[in-house]
Amino acid sequence: MIKPVSLLLLAAVLCGSCGSRTGRTAATSCDEPSARPSEYVSTLVGTHSDFTLSTGNTYPAVALPWGMNFWTPQTGEMGSGWAYTYGAHTIRGLKQTHQPSPWINDYGQFSIMPIRGRDKVDEESRQSWFSHQSEEARPYYYSVYLADHDIKAEIAPTERAAIMRFTFPESDESGVVIDAFDRGSYIRVMHDKRTVVGYTTRNSGGVPDNFKNWFIVRFDRKIRDFQIYDGTKPVEGEQLVGEHALVRVGFETRRGEQVTVRAASSFISQMQAVQNLEELGKDDFETVKAKAQA
């Protein structure tokens, strides 16, 4: 039998072996965690819920603590309080959300969805199958492989803005759909500035009559073509105030080519949304991600 004294000596030797041979007292690798605390967080916990049975009623929010805007993959239909459920198999968009619970539902929401195909615009046709095996959900970062489009989508947040990175296949039908949702919305394409602006009025009550969430979405490359829709109906021109405004912007991409998207919003005005976009500065995707994790 090993005596207690022997066990103590063995433990002392093992801890000592982790230290420096110079006898310095600074913290050594034995004292350092193998990962940052945020690495231990999975935002998928509590998402295996539905109307009949709650296991948390959460959604995988990508956000900073006390951030104005959260972002989440949207598996549920537009307007559903169950924006993301673990048992779902398709994603309809990356939604900016302010939802406190499925029972209260959301307000000021809109979504961004990378696609491949000129006709993949409404939420049913653009949705894509995904697997949890190709999904990573952290508070500071979310990524998923959208199998039907062969696109990897990633997102990292600031308090009022977010940066997205979409890795496309080779296609002359690559694009991004910006959906301002129904019940009154606005879209304008500023083609020469690689920018889409607009607002959504979608809410679940408890807001003033003039409620709007103004947003701005800016691309890192020139928009090749675009088409605005009111619901499923194509509309001519560069802007639309309608029941359900959304737009598909198009690009031609090589396999592995990445498109970076910067987005922000404001409950005050379009100008304030532009100012909020400045939170991102000139930071690239990896820098924003690292700052969000810090």
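No value in this document is a laboratory result; all are computed from the given coordinates. It should be emphasised that the depicted structure is a prediction, and the values quoted were computed from it without experimental measurement. Every residue, glycine as well, gets a Cβ built from its backbone with ideal geometry; the counts of neighbours run over all protein chains shown.
Given the Cα-Cα distance of Thr260 and Asp192 and 0.36 nm per residue of separation, how much length would full extension add, in nm?
Extra length available between Thr260 and Asp192 comes to 22.8 nm.
Would you kindly work out the equivalent ellipsoid of the chain from its C-alpha gyration tensor and give its semi-axes, the square roots of five times the eigenvalues, largest first in whole Å?
After diagonalising the Cα gyration tensor, the semi-axes are 42, 22, 19 Å.
Obtain the nm distance between the two label points defined at Asp148 and Ala35 by a simple spin-label model: each point lies 7 Å from its Cα along the Cα-to-C-beta direction.
Distance between the two pseudo-spin positions: 3.1 nm.
Using mean Cβ contacts within 10 Å as the protection proxy, how do 231-238, 178-185, 65-72, 255-262 order, highest first?
In descending order of packing, they fall as 178-185, 65-72, 255-262, 231-238.
Report the full-extension gain for the segment Phe211 to Val274: residue separation times 0.36 nm, less the Cα-Cα distance, to one decimal in nm.
Gain in length upon complete extension: 20.9 nm.
For Asp50 and Ala290, what is the calculated FRET efficiency with R₀ set at 30 Å and r taken between the beta-carbons, to the nearest 0.05?
0.25
List the GluC sites (Glu not before Pro) in the stretch 105-188 that DSSP assigns to loop (not H, G, I, E or B) and whose Cβ has at most 13 other Cβ atoms within 10 Å. Which are they?
Listed in order of number, the matching sites are Glu170.
Quick one: angle between helix 4-18 and the longest Cα principal axis of the chain, in degrees between 0 and 90, rounded to 10, please.
Its long axis makes an angle of about 50 degrees.
So what's the back-of-envelope 222 nm ellipticity for the chain, counting only DSSP H runs of four-plus at -39500 (n - 2.57) apiece and dividing by all residues, rounded to 500?
-3500 deg cm²/dmol
What's the local net charge at Ser80, with K and R +1, D and E -1, over the other residues with C-beta under 15 Å away?
Charge balance in the 15 Å sphere: -3.
Got the relative contact order for the chain handy, in percent, Cα pairs under 8 Å and 6 or more residues apart?
15 percent
Which of rounded, prolate, oblate describes the stretch 230-294, given a ≥ b ≥ c as roots of the alpha-carbon gyration tensor eigenvalues and a/c under 1.5 marking rounded, otherwise prolate only if a/b is larger than b/c?
Note, shape of the stretch 230-294 comes out oblate.
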